[in-house]
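Worksheet: one structure, shown below.
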Amino acid sequence: MKLSELIKNIKIKEIINNRETDITGVSYNSKTIQKGEIFVCLKGENSDGHDYAKMAVDNGASALFCEKQLELAVPQVIVESTRHQIADLAAAFYEYPSKKINLIGVTGTNGKTTVTHLIQRIIEDAKHKCSLIGTLGYKMSGNDTYHDAKHTTPQAPELQKTLKMMCDNNIDYVAMEVSSHALEQNRVGCCDFNGAVFTNLTQDHLDYHITMNNYFEAKALLFKSLKAGGFAVINNDDDYAERFKNVVPDGVTIYSYGIKNEADIMASNIEFSIHGAKFDCRINGTVKKINLQMNGMFSVYNALAALCAGIAAGFCADICIKALEETKSVDGRFEIVNKQPLVIVDYAHTPDGLLNVLKAARELTPKDSNLICMFGCGGDRDATKRPKMGKIAQESADIVVVTSDNPRSEDPQLIISDILAGIKTVNTQTVYVEPDRKTAISMLKNIAKENDVVVLAGKGHEDYQILKDKTIHFDDREEARKVFATNSPINV
């Protein structure tokens, strides 16, 4: 694509060294940039892409997308904000792929991954091709292989490239997780969403957003971007429901779901067992029985969100329900990895997420048995949630094992101290502390009795542990299977 063609619809301040040149791609990595690509000088929290522009040019960049003039001989497109305009550039290069596909965005603190997977299953059962983009990576329709996407919502060049590839493969729909970071940083700029789904809003990412109001405003951007003819699906039981409804533009149809508050689609008479959750579902006055293979109240909410989205997108309720009933748990989401004791691995890494998972696990805990919770908190992330999660763990479980969860550059012991600040009494019979996560899981062999229920929270599908100086392979599911497959005692 010619540079002039690429930038014709982009708001620019000026062009330095203006001359026609061929652009072969969009990149913001000076090390991996390919010959002929335009280099975007992104300003991050810890670095400034303008400092790497010369390296990018030396490595083959044919032009720069920047916020100031640099002493380099290649064409330089000067804009107000590269971070907020990289999406415009990427969408233009890949010829605005979201305009040619039905794009459904799912946002919220918890449930995004499960809801997108459920929506994909519904759409594919309705005989349409639906691909998926989210925390586990991106997955093409009809293929169970995930491709690493680095972020819950990829940066704009990767996202637009992925959407273009999906269009080229004649994909009809894409279900995409949309994170608050992606919305605030405009990674999803120039994406035309046909529909948006809101799951819930509870504390998370306050190290980045600072306040819950800022967090809400970031999430709200997805709904503000909807065009007339689209749909918005709202969890009517969430405290922020009305605020989300109020930002939906005219001409966008609002659908609601819930359990406590009146909504378009509602669940009642909910029952849980080792086999899953079953409930009555009222859809526009008609009541249908639903039997999920997934468990926990959060799974009921996730199913309602996906069902609501499916109906909003125009699919038959019976097809949607059948798809939900045939879906097993998503990797690392209330995933059962051992039966006796019952060991559950879940991604819950927020106060609300942990509380919901422990509530669901309590429903499966026999009367005279213990609910055991092992968890940690991530380093270099919102520290205010650590004591809250400690308090929730102690109040919701009978035994708590505090350990590490991606400590990153922080001292694991200091993170654990923050968690313990929320625990009233550190009784050595009910509260265990072990910074090494592998050892902590091994300890559970002696702590858990045959009929107990064990929740390993925080990492879910992740198969790594991020330490100060390296990232190592580590998977809660693998470790738990090893520990509970052997009868050899482990000293506690």
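Any read-out appearing in this document is the output of simple, stated calculations on the displayed coordinates, not a laboratory observation. Remember, it's a predicted structure, so these values are computed and weren't measured experimentally. When we count neighbours, we look across all protein chains shown, and the Cβ atoms used for this are built from the backbone with ideal geometry, even at glycine.
A compact table of results
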read-out	value
Taking N as its residue count, the alpha carbon Rg of the stretch 97-326 over 2.2 N^0.38 Å	0.95
Only Lys, Arg (+1) and Asp, Glu (-1) charged, at Cβ; the chain dipole about Cα centre in debye	420
Pairwise label distance in nanometres, residue 46 with residue 250, each label 7 Å out on the Cα-Cβ vector	4.8
Anchor residue 449: aspartates and glutamates whose Cα lies under 17 Å away (excluding residues fewer than 8 positions away in-chain)	368, 398
Lone cysteines, the chain (no partner Cβ under 4.7 Å)	130, 167, 190, 191, 281, 308, 316, 320, 373, 377
Tail weight of P(r) past 20 Å, computed on alpha-carbon pairs of the stretch 3-93, percent	21
The stretch 390-492 shape via C-alpha gyration tensor axes, a/c threshold 1.5	oblate
Fraction of alpha-carbon pairs over 22 Å apart in the stretch 112-227 - percent	31
Relative packing of peptides 380-387, 329-336 - highest average C-beta neighbours within 10 Å first	329-336, 380-387
Ranking of 437, 121, 408 by count of other Cβ atoms within 10 Å, fewest first	408, 121, 437
Separation between Cα centres of the stretch 444-460 and the stretch 377-402, rounded to whole Å	16
Helical contribution to [θ] at 222 nm, DSSP H n ≥ 4, -39,500 (n - 2.57), averaged over the chain, rounded to 500	-9500 deg cm²/dmol
When the stretch 358-422 is reduced to its Cα atoms, the Kirkwood hydrodynamic radius in Å	12.3
Lys/Arg +1, Asp/Glu -1 at C-beta; the chain dipole; positive extreme among 115, 409, 246	115
Between the stretch 30-62 and the stretch 240-284, the Cα center-to-center distance that results, in Å	46
Top positive-direction residue, dipole computed over the chain with Cβ charges, set 137, 73, 59	137
Neighbour-count order for 401, 287, fewest beta carbons within 10 angstrom listed first	287, 401
Size of electric dipole in the stretch 353-468: Cβ of Lys, Arg +1 and of Asp, Glu -1, about Cα centre, debye, nearest 20	180
Neighbour cut-off at most 10 other Cβ (10 Å), DSSP loop, GluC sites (Glu not before Pro), the stretch 413-492	450
Proximal lysines relative to residue 288, as straight alpha-carbon distance under 25 Å, when same-chain residues fewer than 8 apart are discounted	112, 127, 260, 278, 322, 328
Residues of type lysines that residue 31 reaches as a straight line, Cα spacing below 26 Å, ignoring anything fewer than 8 places off in the same chain	2, 43, 54, 68, 150, 161, 164, 468, 470
Dipole moment magnitude, nearest 20 debye, the stretch 3-93 about Cα centre, only Lys, Arg, Asp, Glu C-beta charged	40
Qualifying trypsin sites (Lys or Arg not before Pro) for the stretch 246-304 [loop in DSSP, other Cβ within 10 Å: at most 10]	260
